[in-house]
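Here the structure comes first, spelled out in structure tokens, and everything after it is commentary.
The values are calculated or read from the model by the stated rules, or taken from the named source; none is laboratory data. Keep in mind that this is a model prediction, so the values were computed, not measured. With ideal geometry, Cβ positions are generated from the backbone for all residues, glycine too; neighbour counts draw on all protein chains shown. Ligands, DNA and RNA are stripped out before the accessible areas are found, and what is left, the full protein with its side chains, is counted by its heavy atoms. Shrake-Rupley method; radii C 1.70, N 1.55, O 1.52, S 1.80 Å.
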Amino acid sequence: MVVLGVNIDHVATLRNARGGRDPEPLEAARIVRESGGGQLVCHLREDRRHINDRDLMDLTRWGGLPINLEMALTTEMEKIALSVTPQLVTVVPEKRLERTTEGGLVLDRSTTKTLEMFIRQCTEKAIAVSLFLDPDIGMVKKAVDLGVSQIELHTGAYANAFLSGSPEKEVSRLYEVSDLIVSSGIRLALGHGLDRHNLKKVLSIPQVREVNIGHSIIARSVFIGLAAAIAEILDLLRVGGEERQKPCG
């Protein structure tokens, strides 16, 4: 079955709105594990609007699930990642004024050079590296050349198109780029804007190995609880896996 990574950033966002320690991201992490989630996702931002350094250390010491640390490609975050040694780091673009990550990483000459060095350092510490990219053939080809372990495709455009009732073009883009990623021997993940309504359509992409979902699970948990919100997504992943295994014809 496709691995579900649960992003617990917005548990920390809720805590930070009031101050103090409640709700505690570590407690959310325990519920994710008990509910069958396969990975914890958290974004340590420059302004610490979500999780903070203490949260990251608490989650690392706990060690109950693999950690996917989302991070900007800055000297500060590189040092933290190499010190904490999560199982996976996902390099994302980051703008101080954005509400959420607005698009994929742009692999220009400067970024590529910095990534080459960071990937080597991560490899030495057995940290896998994923890049968060738009479903753009040009960007994906550059990522393939870098030799990353995983590419996570930004599904925000698809999620918006789904809401407007015409997601076909975005689904086609995802299919096309997914073929290139997998044929290059790179693991494929999807993330951003996915929820219990729009997930099924992208699960038809046969090569997907991981989906990372945060806001919609945390939002849903306000009404039905975190364990139940995770269970809804896991049920969809199970059904999607069964559909993909059915023989054609």
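Some notes on this structure:
- Matching option when the condition is touching a helix residue (DSSP H, G or I) at 6+ places or on another chain (Cβ under 8 Å), part of a helix (DSSP H, G or I) and either among the β-branched types (Val, Ile, Thr) or modelled with pLDDT of 95 or more (or both), among Val148, Val171, Val208: Val171
- Residue in region 229-236 that is within 18 Å of Val6 (Cα to Cα), in contact with a strand residue (DSSP E or B) (Cβ under 7 Å, 6 or more places away or on another chain) and acidic (Asp, Glu) present: no
- Residue among Gly185, Gly193, Gly147 that is at positive phi and open to solvent by 60 Å² or more (accessible area, probe 1.4 Å): Gly185
- Tallying residues that are surrounded by fewer than 18 Cβ atoms within 10 Å (Cβ to Cβ) and either more than 15 Å from Ala189 (Cβ to Cβ) or in contact with a Cys (Cβ under 9 Å, 6 or more places away or on another chain) (or both) within region 1-13 yields 1.
Results for (1) in contact with a helix residue (DSSP H, G or I) (Cβ under 9 Å, 6 or more places away or on another chain); (2) surrounded by 21 or more Cβ atoms within 10 Å (Cβ to Cβ), shown as yes or no for each residue.
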{"site": "Arg15", "(1), (2)": "yes, no"}
{"site": "Asp22", "(1), (2)": "yes, no"}
{"site": "Ala29", "(1), (2)": "yes, yes"}
{"site": "Val32", "(1), (2)": "yes, yes"}
{"site": "Arg48", "(1), (2)": "yes, no"}
{"site": "Asp53", "(1), (2)": "yes, no"}
{"site": "Gly63", "(1), (2)": "no, no"}
{"site": "Ala81", "(1), (2)": "yes, yes"}
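- Scanning region 211-249 for residues that are more than 25 Å from Leu133 (Cβ to Cβ), β-branched (Val, Ile, Thr) and at pLDDT 95 or above yields Val222, Ile224, Ile230.
- Ile218 being open to solvent by less than 60 Å² (accessible area, probe 1.4 Å), assigned to a loop (DSSP other than H, G, I, E, B) and not aromatic (Phe, Trp, Tyr): no
- Cβ pairs under 9 Å, 6+ apart, first in region 204-227 and in contact (Cβ under 8 Å) with a residue 60 or more places away in the chain, second open to solvent by less than 30 Å² (accessible area, probe 1.4 Å) and of a type in the set (D, E, K, R): Glu210/Glu152; Asn212/Glu70; Asn212/Glu152; Gly214/Asp9; His215/Asp9; Ile218/Asp9
- The single condition among (1) under 18 Å from the mean Cα position of the chain (by Cα); (2) open to solvent by less than 80 Å² (accessible area, probe 1.4 Å) that Arg209 does not meet is (2).
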